[in-house]
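Reading through the structure tokens given below for one structure.
None of the figures in this text is laboratory data; all of them are computed from the coordinates on show. Since the structure is predicted, the reported quantities are computational estimates derived from the model, not experimental observations. Heads up, the Cβs are rebuilt from the backbone with ideal geometry, glycines too, and the neighbour counts pull from every protein chain shown.
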Amino acid sequence: PRPRKDGPVTAPELSMRAIESARTQHGAGVWTWYPQPEGVTRYYEPLGALVQEMGVFHEAGHAVVGLACGLGIDGVFLSAAPGNPQMMFYTRWSGSASWTSYTAYLAAGERAADRWLRETGEWTPERAWSVERGARSDRNRAVERAEEFGGMLDITAHPWDGWTQICSGADGALNAHWERVRAVADALLADGALDAAAVSRVAGLPNPSA
């Protein structure tokens, strides 16, 4: 059964979003629920000074849901990825997981950042677009993973069998572990990076990489 969004945050159910919104495209041809703000060329512009905290919660969501799904989290970083300076923050992982668990890990960054914006009263459609656009590589990886298994993921399928359903699974995992996400986010913001042992200690979850 589809996990329900029963957490403390009041937000529209993913399945209730309009079909027109679910098929929005912006200038770079990337699908998003929310339209690209007029005049914005860089995805992080609507976030302003919130961009680092958004990144912190994005990566903390990845890390905690990854651990909960049995993945190894090798490290979490508030710095550009080696060889990919456009990736402002990143999480390194290892191991294997089921399709459902792995895609929940991929979507957890985007959904954690969106939830943080809502909880702090900073959510706007423009910033929601930034969160989605910043997760482009996670969405692309889900498509690639499906192809590796001989399948196909239609990101725009709505409400089921696409990214909407994957995000719903991630929301369920975040509901169960939100305090852990907040703890990892606080530690990451303070230290700038967490290695495998630190992620495990702060999250209170076993880490195969530690």
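Descriptive notes on the structure:
- Subtracting the Cα-Cα distance of SER79 and ASP161 from 0.36 nm times their residue separation leaves 26.2 nm of extension gain.
- Dipole magnitude of region 133-210, debye to nearest 20 (Cβ charges: Lys/Arg +1, Asp/Glu -1, about Cα centre): 160 debye
- Amide H to amide H distances under 5 Å link TRP93 with ASP74, where only residues 5 or more positions off or on other chains count and H is placed in the peptide plane.
- The packing ranking of peptides 177-185, 135-143, highest mean first, is 177-185, 135-143, where packing means the average number of other beta carbon atoms within 10 angstrom of each residue.
- Here the simple spin-label model places points 7 Å from the Cα toward Cβ, and for ASN140 and GLU38 these points are separated by 3.0 nm.
- Coupling constants for region 90-107 follow from the phi torsions by the Karplus curve (6.51 cos²θ - 1.76 cosθ + 1.60, θ = phi - 60°), and in residue order they are 7, 10, 9, 10, 8, x, 9, 7, 5, 4, 4, 5, 5, 6, 4, 4, 4, 7 Hz; glycine and proline get x.
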